Amino acid sequence: MNIKKFLTTELMAEAAGKHIIEIVKKKPDSLLCFAGGDTPLMTLNYLAEAAKQGEVDFGKCSFVSLDEWVGLGKETNGSCKQTLFDHFFDRIPNIDDSQICFFDGLAIDMDAECKRVDHFVAKHEGIDFMLLGIGMNGHIGFNEPGVRVDTYCHVIDLDPVTKKVSVKYFDEEMNVTRGISLGIQHITEAAEVMLMANGEKKADIVELTINTEPTADIPSTLVKNSKHAVLYIDDAAASKL
Ligand code: F6R
C-alpha cells in the first residue's frame, strides 16, 4: 500500500481532491464511492468548490453509497445519506438522482436493498474509485472487525466501538445496532482505493493498519489486498509511525 503523508489535514484534502479530479478527467463516466463520516468532508468540500468553478465535471459519473445505518434515512442529521447529499451531491452542478445509488436505511427488505446496490455496481463493471475513512476499530464502511471477506453488500451487527463512536454524528440518541454496507469484495475489486485518516485519535489504528498483515480482525488491513491502494494521512494520524 502506498502511503502519502501530509503536514496538515487541509493539504491532505487538497491533494486527495486533485487526485480525484484527475481520475474523473481520465474517465468521465467513473463509478465513484465516497464514505460518509467526518474524514472525507474537507475533500468533498474541495471537490464541490472545484465543480462550481468548472474545474471538474461530474456530469457523466455515477455514484454508489458505501454504507448506511439501518433504520436511518436522509431526514436524520448524521445519516450517511444526509452527510453526502449536504456536503457533496446537492452542491454539484450537473448531476441528478439517477446517477446516484444510495442505500436506503429505511427499506423494509434489506436483502432486496443489498441486491439492488450489488446490481448497480455490477452494471457499471465495478467501482473505479473509493474514498474510505478508518473507524477507531479499523472498520471500513460497515465492514466491522471479524467481517467475512467474501461478501458484497450485506447487513451487519455493529461492533460495540462503532456504536459508541456513533453518538458523535447525531443530535439525539439513535441506538443504532445494524449497518448496511458494500462488502470487502467490492473494496478489493475496485480499481483504486484511497484510505484516509486525520487527527491524533487515528494514530493507533493507522499504525496497526500499516504494520499488520491483512486480517478480518482489522478490516482496514484488507485494503492492502486491493488492486491499487493508497493511504492518505496527515501528520497527526502518522504520529505513531
Ligand atoms: C462512514 C463510514 C465509516 C467511517 C469511519 C470513520 O460512511 O463508512 O467507515 O469512514 O467510521 O469515521 P470518521 O471519518 O467520522 O472518523
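Here are the numbers for the structure shown:
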{"read-out": "Cα radius of gyration and Dmax for the stretch 48-127 (Å)", "value": "13.5, 41"}
{"read-out": "Cα-based equivalent ellipsoid of the stretch 118-241: semi-axis lengths in Å, sorted from largest, via gyration tensor", "value": "22, 20, 13"}
{"read-out": "Free-standing Cys residues across the chain, given no other cysteine C-beta under 4.7 angstrom", "value": "Cys33, Cys61, Cys80, Cys101"}
{"read-out": "Listed residues Ala229, Ala50, Ala13, most fluctuating in the chain (Gaussian network, C-alpha, under 10 Å)", "value": "Ala50"}
{"read-out": "Given Lys5/Lys52; Lys4/Lys227; Lys27/Lys74; Lys4/Lys224; Lys202/Lys224, the pairs whose alpha carbons are separated by over 20 Å", "value": "Lys5/Lys52; Lys27/Lys74"}
{"read-out": "Two-site label geometry, Ala122 and Lys168: point separation in nm, points 7 Å out along Cα→Cβ", "value": "3.6"}
{"read-out": "Cβ-based exposure ranking for Val165, Val64, in which fewest neighbours within 10 Å come first", "value": "Val165, Val64"}
{"read-out": "Within straight-line cross-link reach of Lys115, lysines at Cα separation under 16 Å, skipping those fewer than 8 residues along the same chain", "value": "Lys123"}
{"read-out": "Backbone N within the stretch 183-213 under 16 Å of label point (7 Å from Asn45 Cα along the Cβ vector)", "value": "198-199"}
{"read-out": "Cβ-placed point charges (K, R +1; D, E -1), dipole of the chain about Cα centre in debye, nearest 20", "value": "520"}
{"read-out": "Two-site label geometry, His228 and Lys52: point separation in nm, points 7 Å out along Cα→Cβ", "value": "3.0"}
{"read-out": "Per-selection metrics, the stretch 118-164 (Cα): Rg and Dmax in Å", "value": "12.4, 36"}
{"read-out": "Debye log10 I(q)/I(0) at q = 0.14, 0.25 Å⁻¹ for the stretch 183-241, Cα point scatterers", "value": "-0.36, -1.00"}
{"read-out": "For the stretch 1-135, radius of gyration divided by Kirkwood radius, i.e. Rg to Rh on alpha-carbons", "value": "0.96"}
{"read-out": "Max mean-square fluctuation residue, GNM over the chain, Cα-Cα springs under 10 Å, options Asn137, Asn211, Asn45", "value": "Asn211"}
{"read-out": "Rg ratio (alpha-carbon, reference 2.2 N^0.38 Å) - the chain", "value": "0.93"}
{"read-out": "Rg over Rh, two decimals, the stretch 88-176 (C-alpha only, Kirkwood Rh)", "value": "0.97"}
{"read-out": "Hz values of 3J(HN,Hα) by residue in the stretch 152-168 - Karplus curve (6.51, -1.76, 1.60), Gly and Pro given as x", "value": "9, 5, 7, 9, 9, 6, 6, 5, x, 5, 4, 5, 5, 5, 4, 4, 5"}
{"read-out": "Computed [θ] at 222 nm, helices only, for the chain once each DSSP H run of length n ≥ 4 contributes -39500 (n - 2.57)", "value": "-9000 deg cm²/dmol"}
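Read-outs throughout are calculated quantities, based only on the coordinates presented, and are distinct from any laboratory measurement. Given the structure is predicted, the values throughout are model-derived calculations rather than measurements. Positions of Cβ are backbone-derived with ideal geometry, glycine not excepted, and every protein chain shown enters the neighbour counts.
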